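Presented below is the structure to which this report refers.
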Amino acid sequence: MKARIPLVGLAACLLLLGAAADRPRAGAVDDARMLRAASDPTNWVVNGGDLEGRHYSSLDQINETNVSRLGPAWTFDFDTWRTQESEPLVVDGVMYVTTAWSKVYALDAATGKQLWAFDPAIPKERGVNACCDVVNRGAAVYKGRVYFGTIDGRLIALDARTGKQAWSVQTTPPDRAYSITGAPRVIKDKVIIGNGGGEFDARGFVTAYDTATGKKVWRFYLVPGDPAKRDHEVSDEPLERLARPTWFGDTYYKAGGGGTAWNAIHYDPELDQILIGTGNGTPWNQFYRSQGKGDNLFLCSILALDANTGKYRWHYQENPGETWDYNATQPMITATLTIDGKPRKVVMHAPKNGFFYVVDRTNGKLISATKIVEAMTWASGVDLATGRPIEKPGARYEKTSFALYPGPAGAHNWHAMSYNPATGLVYLPVGESSYMFQNASTPFVSRKGGVINDGLEHKKPMDPAAPTQISVPDKLIAIDPVAGRIVWSVPSQGGGTLATAGNLIIQGRGVALGDLAAFRATDGKLLWSRHVPNGVVANPITYMVGGTQYIAVAAGRGGSSTQFAGANGIGAPSFGRMVVFRLDGKAVLPPDPQPLPPVQRDNRVLARASVIKGQLAYVEYCIRCHGAPPVRPSPIGPDIRRSQFLLDPDAWKAVVMEGALSHQGMVGWKSLATPEEAEAIRDYVQDAARDTRQATVSGGPH
Ligand code: CA
């Protein structure tokens, strides 16, 4: 008997060792695993689902015949009600998701149990540097670590098993209004990160850091800087040779120039290149930015860089000399398509400007550009020989105002488009928006402190009859990228798409509907939807644990896509959350948000001149977070018609001017606004609070 004890002990030890060996190391994603992501659909190891960025899964346990049985598997509430745009990753049963305010969670992907959480403790007053809410679109997992960017410009590496910080580096100049909202891209022991701030004073760049140490490897500036200096970076040569001759005057480098890469950083392993989507100019208005002339490279472009060195390879500029906030930072899909009988290595791209582009990714040559909006006023098409848009007269608003369709909200923004190789179709949300552009009547002056530098006229009211929002509904479309033809289109509003082999397209339907929906991929028929309840704009993903397929999406408010597109019906703020579905899921979703508090009204006599002055100041300082009352409250910040501070002039001043709520992200504006402007804003908001139209939007369906 005695002799057997050690043997039993040894066997137990071997069993334990075996179990430990079977359980993979946390975050065990390497280059080989990313390359074969498409053939491993139980996991979602990279942003985009695979390196092609297809947002496609070959899982079909959930399919068009049984999707009606989809029910909640689990939910996990975050601790912030700001907008959730994160695409989670799932690696070996662990979900890694980022949230608003740049926090990270590791959750058990089958149960939602929290494994760890990391909070980078963003100083809340830095939130004003984010144009379109303090969002984060996701992390990268690589060799046992989790990498993500923060609203205040840091890039952080965490231990994937414990959530403990391995290193952190400040990637942006802290004295300028940069932010990071996009997911980093990790390949071959480098983590590549861009930044945002093109509405303020940023000069865009992307940087590659060593994943092990956080040490900078290379940096590529996306627009030229001060001509008297050099950056001593890999971008110096192409900027001076190609880009500098396309810029004029000195405003651009003093104001920043823009071109920020705040979203798409795409790796193309076949050609070992990185494709960067670049942003709009700073200021928006080219008349002030570059004396109204020049292509202004590399704004609004797809830029191909050598994946190892960051060296320039080619670019394709979608909007030469852009002047409408038509950035090209939208996510990309790479594929090999048979076009005119020949296989072509392509990148597919739908930027804000209303075209869907197919570009040869070996050389940046345009293959096709298909109009995907119903209303387009700025161009009549794209010249396939030159690759340049055919702009319509007056579109640059040099002399008179111009009603731009699509508007700066974009025909397509950061939301994922998906590609099902079986149907050969690309699926994406399309917004029908517009905006009235007027050249600023006073010379452009770049300002700091979170004020948008666009070079447009804000000091005189828009013509109330001017079309700022058209009635064409937003939609979900399926496009054939080979034929350049929209195959189907259905009304929908909201988020990124997921395509699956179950013949399904999954999409969150924004703020107004607050649900997750499933459409049939072949014809767009709505097969299923479930009220979440919250706005849903993030990209859904799918994965499998223990033989069960799950569909997951981060839910919470609306972000930039619906910022100017109507957010009626939104309830009181409620926590963002991860919501996960499975067939026959029986978990109980949290209750609907509380109704909104009442509008605050008083009986003061409001001077008309003050209300108008307040409206102009409101547009300047408040609108991007608080929306445009009384018609369109924002899904980002509180509806201030309902604020208790509205009726108390001293409290109002303390908040609006002195920053009494800066710890919550509401900065004080006294360095820019005058006390008279602040009080006029109060009059304007009080006037809006008395507007009878508010009765139709208070509370709402949820
Ligand atoms: Ca922009």
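Quick look at the numbers
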| item | result |
| --- | --- |
| Residues located in the range 545-561, provided they are modelled with pLDDT of 95 or more and either among the basic types (Lys, Arg) or touching a Pro at 6+ places or on another chain (Cβ under 7 Å) (or both) | 551, 552, 553, 554 |
| Breaking point among (1) of a type in the set (Val, Ile, Thr); (2) surrounded by fewer than 24 Cβ atoms within 10 Å (Cβ to Cβ); (3) more than 25 Å from the chain's Cα centre (by Cα), for residue 80 | (3) |
| Of all residues making up the range 284-316, the number that are within 16 Å of the ligand (Cβ to nearest atom) and within 23 Å of the chain's Cα centre (by Cα) | 6 |
| Those residues of the range 322-344 which are buried (at least 17 other Cβ atoms within 10 Å of the Cβ), without any contact (Cβ under 8 Å) to a residue 60 or more places away in the chain and more than 16 Å from the ligand (Cβ to nearest atom), in sequence order | 344 |
| Selection count, the range 264-283, where residues are surrounded by 24 or more Cβ atoms within 10 Å (Cβ to Cβ) and either acidic (Asp, Glu) or within 15 Å of the ligand (Cβ to nearest atom) (or both) | 8 |
| Matching residues in the range 212-230 - criterion: being open to solvent by 50 Å² or more (accessible area, probe 1.4 Å) and assigned to a loop (DSSP other than H, G, I, E, B) | 212, 213, 215, 226, 227, 228, 229, 230 |
| Test for residue 243: is it within 16 Å of the ligand (Cβ to nearest atom), assigned by TED's automatic domain parsing to the domain that holds residue 207 and not acidic (Asp, Glu) | no |
| Members of the range 126-139 that are open to solvent by less than 10 Å² (accessible area, probe 1.4 Å) and part of a strand (DSSP E or B) | 133 |
| Of all residues in the range 414-450 being open to solvent by 20 Å² or more (accessible area, probe 1.4 Å) and part of a strand (DSSP E or B), the one that is nearest to residue 57 (Cα to Cα) | 419 |
| Residue ID - nearest to residue 446 (Cα to Cα), chosen from residues in the range 249-281 that are in contact with a Phe, Trp or Tyr (Cβ under 7 Å, 6 or more places away or on another chain) and not in a loop (DSSP other than H, G, I, E, B) | 251 |
| Looking only at the range 400-413, and only at residues there that are more than 12 Å from the ligand (Cβ to nearest atom), over 12 Å from the mean Cα position of the chain (by Cα) and part of a loop (DSSP other than H, G, I, E, B), the one that is surrounded by the fewest Cβ atoms within 10 Å (Cβ to Cβ) | 400 |
| Test result for residue 227, away from the ligand (no atom under 16 Å from the Cβ) and free of Cβ contacts under 8 Å to residues at least 60 places away in the same chain | yes |
| Filter result for residue 97 (under 26 Å from residue 197 (Cβ atoms), open to solvent by less than 10 Å² (accessible area, probe 1.4 Å) and modelled with pLDDT of 95 or more) | yes |
| Only listed residue being without any contact (Cβ under 8 Å) to a residue 40 or more places away in the chain and in contact with a strand residue (DSSP E or B) (Cβ under 7 Å, 6 or more places away or on another chain), chosen from 394, 407 | 394 |
| Failed item, numbered, when residue 667 is tested on (1) touching a helix residue (DSSP H, G or I) at 6+ places or on another chain (Cβ under 6 Å); (2) outside any loop (DSSP other than H, G, I, E, B) | (2) |
| For residue 238: the one exception among (1) of a type outside the set (Ser, Thr, Tyr); (2) open to solvent by 10 Å² or more (accessible area, probe 1.4 Å); (3) closer than 26 Å to residue 287 by Cα | (2) |
| Residue within the range 290-304 that is over 26 Å from residue 451 (Cβ atoms), of a type in the set (Gly, Ala, Ser) and surrounded by fewer than 24 Cβ atoms within 10 Å (Cβ to Cβ) present | no |
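The values are calculated or read from the model by the stated rules, or taken from the named source; none is laboratory data. These numbers come from a predicted model, not from an experiment. Glycine gets a Cβ as well: all are built from the backbone with ideal geometry, and neighbour counts include every protein chain shown. The protein model used for the area step is the full one, side chains on, heavy atoms only, and it has no ligands, DNA or RNA in it. Shrake-Rupley method; radii C 1.70, N 1.55, O 1.52, S 1.80 Å.
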